[in-house]
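Heads up, the thing below is written out as structure tokens.
What follows draws every value from the coordinates through simple rules; no lab data is involved. Nothing here was measured: the structure is a model prediction, and the numbers come from that model. So basically every Cβ, Gly included, is an ideal-geometry build from the backbone, and we count neighbours across all protein chains shown.
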Amino acid sequence: MRIRLRILVLIAAVLILAAVTGRTQTGDPNQPDSVVLDSVVVFTAGGTVVPVYFLNDEYLGGIEITLLDNSPDVAIDSFSFVGGRVEAVSVKGWMLNDEYLTIYCIPFSTDPLISPGRGLLGNLYISYPPSVPTQVVALERQDLIVGDLVYSTTFSSASSNPFVPQFGKGYLDLRVSNCCIGIRGNVNADPEEKVNISDVTYLVKYLFGIPSGPPPLCEEEGNANADLDGKVNISDLTYLTTYLFGGGPPPTSCP
């Protein structure tokens, strides 16, 4: 008989949970429990972070999620629960096995069950080489059998009954290779690669608009002053404004 990872790792905790009484539970209003990975566009070399969210409409006694990417150029490195809904749960962690990552979270007997709600589970850390080709990488769940272990994406109810949540895969849109062309400052990504007042207008809407405008399609282009953190902020707006109207230096060339 094959044994699920969540039982093998923490069977004692599950048994204690099943024996604990007096915890408040709630009925299932038939909203689909789900795991959703964010989709991100990346312009910087080296690595990025992908948020993982989950929704549950009933109390949970455990979470297990196994993730896999579909590209040999990308590596899933680690996972962090910091800032997520289950940060206070005492028994949680992740295991990296070759090309896939398994995340688990099981409240111990002294922990409250995972209450109904929606929000961040944690952040997935992903790396890739600086020379990675432009591509879209799917991040999706994977059911794997390794020996007598089953790695899967499964929630456990308050009474320790496993069930499979809905899953929304994420995408990693890598645009590292040919993002910035010529010089920085073409914030609105016009095909003529000109730096002019339309780029200033684009930045103003992005930084101060209510609601804010879209971010620059190429963050390297938006980082007009080429500061080391690579962020697009008010200093880039000041740099472009000084260049266009105050005789300041032009944006630097792309690396």
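Show me 181-190, 207-216 ranked by packing, highest mean number of other Cβ atoms within 10 Å first.
Values: 181-190: 20.0, 207-216: 12.3.
Averaged packing, sorted descending, gives the order 181-190, 207-216.
Between residue 227 and residue 143, the simple label model (points 7 Å from Cα in the Cβ direction) yields a spacing of 4.9 nm. Estimated from the Cβ-Cβ distance and a Förster radius of 22 angstrom, the FRET efficiency linking residue 39 and residue 207 is about 0.45.
Hey, what does the equivalent ellipsoid look like for the chain, semi-axes from the Cα gyration tensor as sqrt of 5 times each eigenvalue, largest first, whole Å? Before the final figure, lay out the partial values.
On the way: eigenvalues 406, 82, 36 Å².
Each semi-axis is √(5λ); the values are 45, 20, 13 Å.
Counting neighbouring beta carbons within 10 Å and listing from fewest to most, the residues 218, 105 come out as 218, 105.
Kirkwood Rh and Cα-based Rg: tell me the resulting Rg over Rh for region 179-255, rounded to two decimals. Each step should come with its number before you reach the end.
Numbers: Rg = 11.1 Å, Rh = 12.0 Å.
Value, to two decimals: 0.92.
The aspartates and glutamates whose alpha-carbon is closer than 14 Å to the alpha-carbon of residue 205, local same-chain residues fewer than 8 away aside, are 236.
With the simple model of a label 7 Å out from the Cα in the direction of the Cβ, residue 241 to residue 91 spans 5.7 nm.
Each residue in 199, 57, 143 was given a count of other beta-carbon atoms within 10 angstrom of its own, and listing them fewest first yields 143, 57, 199. Computed from backbone phi with θ = phi - 60° and the Karplus coefficients 6.51, -1.76 and 1.60, the 3J(HN,Hα) list for region 229-241 is 6, x, 7, 9, 8, 5, 5, 6, 4, 4, 4, 5, 5 Hz; x is used for glycine and proline. Taking every alpha-carbon pair under 8 Å whose residues sit at least 6 apart, the chain reaches a relative contact order of 21 percent. With the simple model of a label 7 Å out from the Cα in the direction of the Cβ, residue 77 to residue 234 spans 3.2 nm.
Phi angles across region 141-150 convert, under the Karplus curve 6.51 cos²θ - 1.76 cosθ + 1.60 with θ = phi - 60°, into 3J(HN,Hα) values of 6, 8, 9, 10, 10, 10, x, 9, 9, 10 Hz, Gly and Pro given as x. Remark on region 78-158: Rg and Dmax equal 15.2, 48 Å (Cα only). Per residue of the chain, the DSSP helices (runs of n ≥ 4 H) give a summed -39500 (n - 2.57) that works out to -5000 deg cm²/dmol at 222 nm.
Footprinting exposure proxy ranking of 38, 73, fewest other C-beta atoms within 10 angstrom first, gives 73, 38. Close amide H partners of residue 108, meaning residues 5 or more places away or on another chain with modelled amide H under 5 Å apart, are 90, 91.
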